[in-house]
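Q: What follows is a single structure, and I will ask about it in a moment.
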Amino acid sequence: MTVIAGCSSEKAAAPAASTPPPASAPKPAEAAKLRAALLPAPKGMQVAYGPEVGTYSTLRSTRQGLESVRQAKLDHPECAGAALLDVAQPEVAKAPAAVVGFASPKGSITQAVVSLPAGVFPGPLPSECDAYHAHVRGIDVVYRTRDLKMPKQGDESRAYLTTASGGDRQAQIGTVTIRRGTLVMSLMVVGREVKRAGLMELGKLADQNLSRAAV
(Lines give C-alpha, C1' and ligand atoms only; values in the text may rest on other atoms or scores of the structure.)
Protein backbone atom coordinates (compact mmCIF):
# COMPACT_ATOMS: atom_id res chain seq x y z
CA MET A 1 0.00 0.00 0.00
CA THR A 2 2.97 2.34 0.45
CA VAL A 3 4.35 2.04 -3.04
CA ILE A 4 2.84 4.87 -5.04
CA ALA A 5 2.68 7.65 -2.48
CA GLY A 6 6.00 9.15 -3.48
CA CYS A 7 7.22 5.62 -4.26
CA SER A 8 8.05 5.57 -0.57
CA SER A 9 8.72 1.84 -0.49
CA GLU A 10 11.78 2.43 -2.61
CA LYS A 11 13.41 3.94 0.47
CA ALA A 12 13.83 1.40 3.24
CA ALA A 13 13.24 2.57 6.79
CA ALA A 14 16.12 3.91 8.84
CA PRO A 15 17.64 1.43 11.33
CA ALA A 16 15.65 1.13 14.54
CA ALA A 17 17.12 2.21 17.84
CA SER A 18 18.32 -0.67 20.01
CA THR A 19 15.60 -1.83 22.38
CA PRO A 20 15.36 -4.77 24.79
CA PRO A 21 13.79 -7.86 23.18
CA PRO A 22 10.18 -8.61 24.15
CA ALA A 23 9.55 -11.38 26.65
CA SER A 24 8.40 -13.69 23.82
CA ALA A 25 11.50 -13.08 21.67
CA PRO A 26 13.10 -16.19 20.13
CA LYS A 27 15.64 -18.03 22.25
CA PRO A 28 19.29 -17.46 21.20
CA ALA A 29 19.57 -20.71 19.21
CA GLU A 30 16.36 -20.05 17.30
CA ALA A 31 17.29 -16.40 16.73
CA ALA A 32 20.64 -17.49 15.28
CA LYS A 33 18.85 -19.96 12.97
CA LEU A 34 16.49 -17.27 11.68
CA ARG A 35 19.34 -14.79 11.14
CA ALA A 36 21.31 -17.46 9.24
CA ALA A 37 18.48 -17.72 6.71
CA LEU A 38 18.66 -14.02 5.83
CA LEU A 39 20.48 -12.84 2.73
CA PRO A 40 23.57 -10.62 2.83
CA ALA A 41 23.26 -7.26 1.08
CA PRO A 42 23.01 -7.84 -2.70
CA LYS A 43 25.62 -6.18 -4.89
CA GLY A 44 24.99 -2.45 -5.20
CA MET A 45 22.70 -2.33 -2.14
CA GLN A 46 23.25 -1.59 1.51
CA VAL A 47 21.51 -2.68 4.69
CA ALA A 48 18.90 -0.06 5.53
CA TYR A 49 16.96 -1.87 8.25
CA GLY A 50 17.77 -4.65 10.69
CA PRO A 51 18.39 -7.46 10.93
CA GLU A 52 15.62 -7.37 13.52
CA VAL A 53 14.67 -10.58 15.34
CA GLY A 54 11.60 -11.05 17.52
CA THR A 55 7.95 -11.98 17.53
CA TYR A 56 6.55 -11.34 14.04
CA SER A 57 3.71 -9.01 15.06
CA THR A 58 6.07 -6.85 17.17
CA LEU A 59 8.69 -6.24 14.48
CA ARG A 60 8.82 -2.66 13.25
CA SER A 61 8.46 -3.63 9.58
CA THR A 62 5.30 -5.62 10.39
CA ARG A 63 3.79 -2.74 12.36
CA GLN A 64 4.61 -0.25 9.59
CA GLY A 65 2.98 -2.53 7.03
CA LEU A 66 -0.21 -2.75 9.11
CA GLU A 67 -0.28 1.03 9.49
CA SER A 68 0.02 1.45 5.71
CA VAL A 69 -2.93 -0.89 5.18
CA ARG A 70 -5.00 1.06 7.71
CA GLN A 71 -4.30 4.31 5.85
CA ALA A 72 -5.43 2.92 2.49
CA LYS A 73 -9.01 2.55 1.26
CA LEU A 74 -9.43 -0.46 -1.05
CA ASP A 75 -12.35 -1.51 -3.20
CA HIS A 76 -11.37 -5.08 -2.26
CA PRO A 77 -10.01 -4.91 1.32
CA GLU A 78 -9.27 -8.65 1.26
CA CYS A 79 -6.52 -7.98 -1.29
CA ALA A 80 -4.36 -5.85 1.03
CA GLY A 81 -2.35 -8.83 2.28
CA ALA A 82 -3.42 -11.50 -0.18
CA ALA A 83 -0.75 -14.13 -0.89
CA LEU A 84 1.33 -12.83 2.03
CA LEU A 85 1.68 -14.01 5.62
CA ASP A 86 -1.45 -12.89 7.46
CA VAL A 87 -0.54 -11.28 10.79
CA ALA A 88 -4.22 -11.55 11.77
CA GLN A 89 -3.66 -15.29 12.20
CA PRO A 90 -2.59 -15.90 15.83
CA GLU A 91 0.01 -18.51 14.84
CA VAL A 92 1.62 -15.97 12.48
CA ALA A 93 1.38 -13.00 14.84
CA LYS A 94 3.17 -14.81 17.69
CA ALA A 95 5.74 -16.61 15.52
CA PRO A 96 9.48 -16.05 15.93
CA ALA A 97 10.84 -14.10 12.94
CA ALA A 98 13.79 -12.21 11.50
CA VAL A 99 13.60 -9.33 9.01
CA VAL A 100 16.18 -7.35 7.07
CA GLY A 101 15.87 -4.54 4.52
CA PHE A 102 18.22 -3.40 1.75
CA ALA A 103 18.14 -0.24 -0.34
CA SER A 104 19.75 1.36 -3.38
CA PRO A 105 18.85 4.34 -5.57
CA LYS A 106 16.89 1.91 -7.78
CA GLY A 107 14.69 0.29 -5.15
CA SER A 108 14.45 -1.82 -2.03
CA ILE A 109 14.32 -5.42 -0.85
CA THR A 110 12.70 -6.64 2.35
CA GLN A 111 13.18 -10.23 3.49
CA ALA A 112 11.44 -12.00 6.37
CA VAL A 113 11.99 -15.51 7.71
CA VAL A 114 9.30 -16.82 10.07
CA SER A 115 9.14 -20.05 12.08
CA LEU A 116 5.60 -21.40 11.69
CA PRO A 117 3.60 -24.55 12.42
CA ALA A 118 3.54 -27.05 9.56
CA GLY A 119 0.93 -26.22 6.93
CA VAL A 120 0.82 -22.47 7.54
CA PHE A 121 1.51 -20.92 4.14
CA PRO A 122 -0.25 -18.20 2.08
CA GLY A 123 -2.86 -19.53 -0.31
CA PRO A 124 -3.08 -18.61 -4.00
CA LEU A 125 -4.07 -15.08 -4.96
CA PRO A 126 -7.89 -14.69 -5.11
CA SER A 127 -9.13 -13.89 -8.64
CA GLU A 128 -10.61 -10.54 -7.53
CA CYS A 129 -7.10 -9.44 -6.53
CA ASP A 130 -5.72 -9.65 -10.08
CA ALA A 131 -6.71 -5.98 -10.38
CA TYR A 132 -8.07 -3.65 -7.72
CA HIS A 133 -8.13 0.02 -6.75
CA ALA A 134 -6.97 1.83 -3.64
CA HIS A 135 -6.91 5.39 -2.36
CA VAL A 136 -3.47 5.88 -0.79
CA ARG A 137 -2.46 9.20 0.78
CA GLY A 138 -4.66 11.20 -1.54
CA ILE A 139 -3.71 9.26 -4.68
CA ASP A 140 -5.92 6.82 -6.60
CA VAL A 141 -3.83 3.74 -7.32
CA VAL A 142 -4.50 0.73 -9.55
CA TYR A 143 -2.80 -2.54 -8.57
CA ARG A 144 -2.47 -5.28 -11.19
CA THR A 145 -0.94 -8.60 -10.17
CA ARG A 146 0.12 -11.61 -12.20
CA ASP A 147 1.27 -15.03 -11.06
CA LEU A 148 4.89 -15.74 -12.00
CA LYS A 149 5.39 -19.37 -12.87
CA MET A 150 8.52 -20.56 -11.12
CA PRO A 151 10.26 -23.88 -10.56
CA LYS A 152 9.12 -25.36 -7.25
CA GLN A 153 11.46 -24.44 -4.44
CA GLY A 154 11.35 -25.88 -0.95
CA ASP A 155 8.13 -27.65 0.03
CA GLU A 156 5.94 -24.86 -1.36
CA SER A 157 6.63 -21.67 -3.27
CA ARG A 158 4.81 -18.79 -4.97
CA ALA A 159 5.87 -15.67 -6.85
CA TYR A 160 3.91 -12.63 -8.04
CA LEU A 161 4.60 -9.37 -9.83
CA THR A 162 2.39 -6.36 -9.09
CA THR A 163 2.36 -3.09 -11.02
CA ALA A 164 1.03 -0.10 -9.09
CA SER A 165 -0.01 2.96 -11.12
CA GLY A 166 -1.33 6.25 -9.79
CA GLY A 167 -1.09 9.87 -10.92
CA ASP A 168 2.12 10.19 -12.88
CA ARG A 169 3.90 7.44 -10.92
CA GLN A 170 4.36 3.74 -11.45
CA ALA A 171 6.19 1.12 -9.41
CA GLN A 172 6.49 -2.65 -9.42
CA ILE A 173 6.50 -5.06 -6.50
CA GLY A 174 7.88 -8.56 -6.89
CA THR A 175 7.19 -11.13 -4.17
CA VAL A 176 8.55 -14.62 -3.58
CA THR A 177 7.39 -16.86 -0.72
CA ILE A 178 9.01 -20.23 0.03
CA ARG A 179 8.41 -22.80 2.76
CA ARG A 180 10.91 -25.39 3.92
CA GLY A 181 9.65 -27.42 6.85
CA THR A 182 8.56 -24.96 9.51
CA LEU A 183 10.48 -21.99 8.05
CA VAL A 184 8.67 -19.62 5.70
CA MET A 185 10.69 -17.01 3.80
CA SER A 186 9.19 -14.02 2.03
CA LEU A 187 10.89 -11.52 -0.24
CA MET A 188 9.46 -8.21 -1.41
CA VAL A 189 11.34 -6.33 -4.13
CA VAL A 190 10.18 -2.78 -4.96
CA GLY A 191 11.41 -0.60 -7.81
CA ARG A 192 10.31 1.27 -10.89
CA GLU A 193 10.89 -1.99 -12.79
CA VAL A 194 11.30 -5.46 -11.29
CA LYS A 195 12.62 -8.02 -13.77
CA ARG A 196 11.37 -11.58 -13.50
CA ALA A 197 14.83 -13.10 -14.05
CA GLY A 198 16.35 -11.04 -11.25
CA LEU A 199 13.49 -11.85 -8.89
CA MET A 200 13.81 -15.58 -9.61
CA GLU A 201 17.58 -15.49 -9.05
CA LEU A 202 17.13 -13.68 -5.75
CA GLY A 203 14.53 -16.24 -4.72
CA LYS A 204 16.94 -19.05 -5.59
CA LEU A 205 19.69 -17.54 -3.43
CA ALA A 206 17.25 -17.02 -0.56
CA ASP A 207 16.11 -20.64 -0.84
CA GLN A 208 19.71 -21.85 -0.62
CA ASN A 209 20.10 -19.99 2.68
CA LEU A 210 16.74 -21.30 3.84
CA SER A 211 17.68 -24.91 3.05
CA ARG A 212 20.83 -24.66 5.18
CA ALA A 213 18.99 -23.04 8.07
CA ALA A 214 16.09 -25.52 7.93
CA VAL A 215 18.33 -28.54 8.58
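Q: Ranked from highest to lowest mean number of other Cβ atoms within 10 Å per residue, what is the order of the peptides 117-126, 91-100, 196-205?
A: Values: 117-126: 13.1, 91-100: 20.6, 196-205: 16.0.
Most protected by this proxy first, the peptides run 91-100, 196-205, 117-126.
Q: Which whole-Hz couplings ³J(HN,Hα) result when phi for each residue of the range 124-140 is put into the Karplus expression 6.51 cos²θ - 1.76 cosθ + 1.60, θ = phi - 60°, listed in order with x for Gly and Pro?
A: x, 5, x, 4, 5, 9, 4, 8, 8, 10, 8, 10, 10, 6, x, 10, 7
Q: May I ask for the Kirkwood hydrodynamic radius of the range 110-165, worked out over all distinct Cα pairs and given in angstroms to one decimal? Let's see the in-between values first.
A: Numbers: mean 1/r = 0.0728 Å⁻¹.
One decimal place: 13.7 Å for the Kirkwood radius.
Q: Between ARG196 and GLN46, what is the FRET efficiency for a Förster distance of 35 Å, r being their Cβ-Cβ separation, to the nearest 0.05? Walk me through the intermediate numbers first.
A: Values: r = 24 Å, r/R0 = 0.70.
E(calc), rounded to 0.05, equals 0.90.
Q: Right, next: Got a number for the accessible area of THR163? Probe 1.4 Å, square angstrom, nearest 10.
A: About 40 Å², ignoring ligands and nucleic acids.
Q: If you count only protein heavy atoms with a 1.4 Å probe, what accessible area per residue comes out for the chain, rounded to a whole Å²?
A: Numbers: 10840 Å² over 215 residues.
Heavy-atom SASA per residue in the chain reads 50 Å².
Q: Report the relative contact order of the chain, percent, no decimals, based on alpha-carbon pairs under 8 angstrom and at least 6 residues apart.
A: Relative contact order of the chain: 23 percent.
Q: Calculate the all-directions average of the projected area of the range 66-141's alpha-carbon convex hull, and give it in nm².
A: In nm², the orientation-averaged hull projection of the range 66-141 is 6.5.
Q: Same structure, new question: Probe radius 1.4 Å, ligands and nucleic acids ignored: give me the carbon and sulfur share of the accessible area of the chain as a rounded percent. Present the calculation step by step, with values, prior to reporting the outcome.
A: Details: 5820 of 10840 Å².
Looking at the chain in its full context, I get 54 percent from C and S.
Q: Taking θ as phi - 60°, what are the ³J(HN,Hα) couplings along the range 147-155 by the Karplus curve (6.51, -1.76, 1.60), each to the nearest whole Hz, with x for Gly and Pro?
A: 6, 9, 5, 9, x, 4, 10, x, 7
Q: Measure up LYS27/LYS73; LYS106/LYS152; LYS73/LYS195; LYS33/LYS152; LYS43/LYS73 against 31 Å on the Cα-Cα distance and list the ones that go over.
A: On the way: LYS27/LYS73 38 Å; LYS106/LYS152 28 Å; LYS73/LYS195 28 Å; LYS33/LYS152 23 Å; LYS43/LYS73 36 Å.
Checking Cα-Cα distances, LYS27/LYS73; LYS43/LYS73 exceed 31 Å.
Q: So what J values fall out for the range 116-122 if you push phi through Karplus, 6.51 cos²θ - 1.76 cosθ + 1.60 with θ = phi - 60°, rounded to Hz, Gly and Pro as x?
A: These are the phi-based 3J(HN,Hα) values: 10, x, 4, x, 8, 7, x Hz.
Q: Follow-up question, since we're still on this one. If you add up the charges near GLU128, with Lys and Arg at +1 and Asp and Glu at -1, over every other residue whose beta carbon is less than 12 angstrom from its beta carbon, what do you get?
A: -3
Q: Under the rule of -39500 (n - 2.57) per DSSP H run of 4 or more residues, summed and divided by the residues of the chain, what mean residue ellipticity at 222 nm is obtained, to the nearest 500 deg cm²/dmol?
A: Numbers: 4 runs with 43 residues, N = 215.
Result for the chain: -6000 deg cm²/dmol, rounded to the nearest 500.
The values are calculated or read from the model by the stated rules, or taken from the named source; none is laboratory data. Only a predicted model underlies this, so the values are computations on that prediction, with no experimental measurement involved. Counting neighbours? That spans all protein chains shown, and the Cβs are built from the backbone with ideal geometry, glycine included. Keep in mind that these areas ignore ligands, DNA and RNA; they rest on the heavy atoms of the full protein, side chains included. Shrake-Rupley method; radii C 1.70, N 1.55, O 1.52, S 1.80 Å.
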